[in-house]
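Shown next, in structure tokens, is the structure this report addresses.
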Amino acid sequence: MTDDETHSGTTSRRRGRDGDEPSARGYNGPRLVVGLYFALVAVGATAGFLTATFVDVNAPRFLFLVPFPASPLGFAAYGGLTLALVLGVPLALVVYVSRTVADSA
């Protein structure tokens, strides 16, 4: 080992996408947020599937335009897409604003 490797102590560690050190569990901020996003979308799809399985429901319309069948898979797609849109648009705006403010500051 050289003097630089001894003093820096970072040669054996992986760096995150932004150059940050990974946390103890290996999840940095953006990776955790994306994981939570997909987990919540999956919960919405599961809720839609279970709702259509156990409750007699009418066919949903995504954004009041796109009709989905009144089946468990139709409601799963409706629930997943609805949560993906409701959570994805604000998340995309936060990413856009944070990059714009960081670049201009």
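We did not get these values from a lab; they are worked out from the coordinates using the rules stated. Everything numeric here is computed off the predicted structure, so don't read it as measured data. Here the Cβ is made from the backbone with ideal geometry for all residues, glycine too, and neighbour counts use every protein chain on show.
What's the FRET efficiency of ARG99 with ASP56 using the Cβ-Cβ distance as r and R₀ = 41 Å, to the nearest 0.05?
Values: r = 47 Å, r/R0 = 1.13.
It comes to 0.30.
Taking square-rooted eigenvalues a ≥ b ≥ c of the alpha carbon gyration tensor, is region 34-105 rounded, prolate or oblate, where a/c under 1.5 means rounded and, failing that, a/b exceeding b/c means prolate?
Details: a/c = 5.44, a/b = 2.48, b/c = 2.20.
Judged from the Cα gyration tensor, region 34-105 comes out prolate (a/c at least 1.5, a/b above b/c).
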